[in-house]
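Q: Would you mind keeping the following structure in view while I ask a few things?
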Amino acid sequence: MDVFAADRWLTCDDNTVYVPQFVGSLEASIGWLLADPAIYNRARPYPELSVEDNFRRLLANTAAEENDEYLSYRMMDWGPISDNLDNCLFREGDTAHFAFSFWRDRHHDPSERGRVFVTELPLRELLLTLHHAAWDLAWGRS
């Protein structure tokens, strides 16, 4: 399963999935995105900062063991295919802002390691993409 964002290959370390687990992970992500934003506020926690700076601050706070707020914004918790990524998704209105970085020493492109990449897309487009991927995998369509 190859996954790309911001013209980067996210599943570069391991793009083989155990389909039942992966489909369940996609379903959980879809449910997370559909949850009431009034209950699960997923906008940038530091609105005065850019998406990239919010991501960096959440990671720094987690690394300093100040909090685990980062985990409440983590989008791609999909098992081994996303293990090389630190990532967050901020939902603001109808837009999804996705920030990520690669952390493994053996990352295939050393120039990408540690850099923060940001992309945005309409939330509906993200939901439809995840939905179609889950259904295609569940039904064995390629």
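Q: Name every residue in segment 3-40 that is modelled with pLDDT under 75, in contact with a helix residue (DSSP H, G or I) (Cβ under 9 Å, 6 or more places away or on another chain) and surrounded by 18 or more Cβ atoms within 10 Å (Cβ to Cβ), in order of residue number.
A: Residues satisfying the conditions are L10, T11.
Q: Can you name every residue in segment 7-32 that is over 20 Å from A138 (Cα atoms) and under 12 Å from the mean Cα position of the chain (by Cα)?
A: Result: L10, single match.
Q: Taking the condition surrounded by 13 or more Cβ atoms within 10 Å (Cβ to Cβ) and over 15 Å from the mean Cα position of the chain (by Cα), does S50 pass?
A: Working: surrounded by 13 or more Cβ atoms within 10 Å (Cβ to Cβ): yes; over 15 Å from the mean Cα position of the chain (by Cα): yes.
Spelling it out, S50 is indeed surrounded by 13 or more Cβ atoms within 10 Å (Cβ to Cβ) and over 15 Å from the mean Cα position of the chain (by Cα).
Q: Are any residues in segment 105-131 open to solvent by 100 Å² or more (accessible area, probe 1.4 Å) and either farther than 16 Å from W9 by Cβ or among the polar types (S, T, N, Q) (or both), and if so, which ones?
A: Matches in segment 105-131: D105, E120, R124.
Q: Ok, one more. For segment 41-92, which residues satisfy the criterion of being in contact with a Lys or Arg (Cβ under 8 Å, 6 or more places away or on another chain), closer than 21 Å to P122 by Cβ and at pLDDT 90 or above?
A: Correct list: A43, V51, N54, Y73, N87, C88, L89, F90, R91, E92.
Q: If I ask for residues that are among the hydrophobic types (A, V, I, L, M, F, W, C) and either closer than 14 Å to P45 by Cα or open to solvent by 60 Å² or more (accessible area, probe 1.4 Å) (or both), which ones from segment 65-93 would you list?
A: First, pick out the residues of segment 65-93 that are among the hydrophobic types (A, V, I, L, M, F, W, C): 71, 75-76, 78, 81, 85, 88-90.
L71, C88, L89, F90, listed by residue number.
Q: Which of the residues spanning segment 90-104 are under 15 Å from the mean Cα position of the chain (by Cα) and under 13 Å from L10 (Cβ atoms)?
A: Result: F98, A99, F100, S101, F102, W103.
Q: Could you check how many residues of segment 81-102 are of a type in the set (V, I, T) and not in a strand (DSSP E or B)? Before the answer, list the steps.
A: At the first step, the residues of segment 81-102 found to be of a type in the set (V, I, T) are 81, 95.
Still in the list and also not in a strand (DSSP E or B): 81.
Going through segment 81-102 one residue at a time, the tally reaches 1.
Rundown of residues vs (1) under 21 Å from T119 (Cα atoms); (2) touching a residue at least 24 places away in the same chain (Cβ under 8 Å); (3) in contact with a strand residue (DSSP E or B) (Cβ under 9 Å, 6 or more places away or on another chain), yes/no style:
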| position | (1), (2), (3) |
| --- | --- |
| T11 | yes, yes, yes |
| T16 | no, yes, no |
| P20 | no, no, no |
| R56 | yes, yes, yes |
| N61 | no, no, no |
| Y70 | yes, no, yes |
| P80 | no, yes, no |
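Q: Got at least one residue in segment 39-50 being among the aliphatic types (A, V, I, L, M) and closer than 24 Å to P20 by Cα?
A: No, segment 39-50 contains no residue that is among the aliphatic types (A, V, I, L, M) and closer than 24 Å to P20 by Cα.
Q: Sticking with this structure for a sec: Filter segment 103-142 down to the residues that are in a loop (DSSP other than H, G, I, E, B) and within 28 Å of G93 (Cβ to Cβ), then identify the one that is modelled with the highest pLDDT.
A: First, the residues of segment 103-142 that are in a loop (DSSP other than H, G, I, E, B): 103-112, 114-116, 139-142.
Add one more test, that the residue is within 28 Å of G93 (Cβ to Cβ), and what stays is 115-116.
Values: R115: 92, V116: 96.
Going through the qualifying residues, I end up with V116.
The values are calculated or read from the model by the stated rules, or taken from the named source; none is laboratory data. This is a predicted model, so every value here is computed, not measured. Cβ atoms come from the backbone with ideal geometry, glycine included; neighbour counts cover every protein chain shown. Just so you know, the surface numbers come from the protein's heavy atoms only, side chains and all, with ligands and any DNA or RNA stripped out. Shrake-Rupley method; radii C 1.70, N 1.55, O 1.52, S 1.80 Å.
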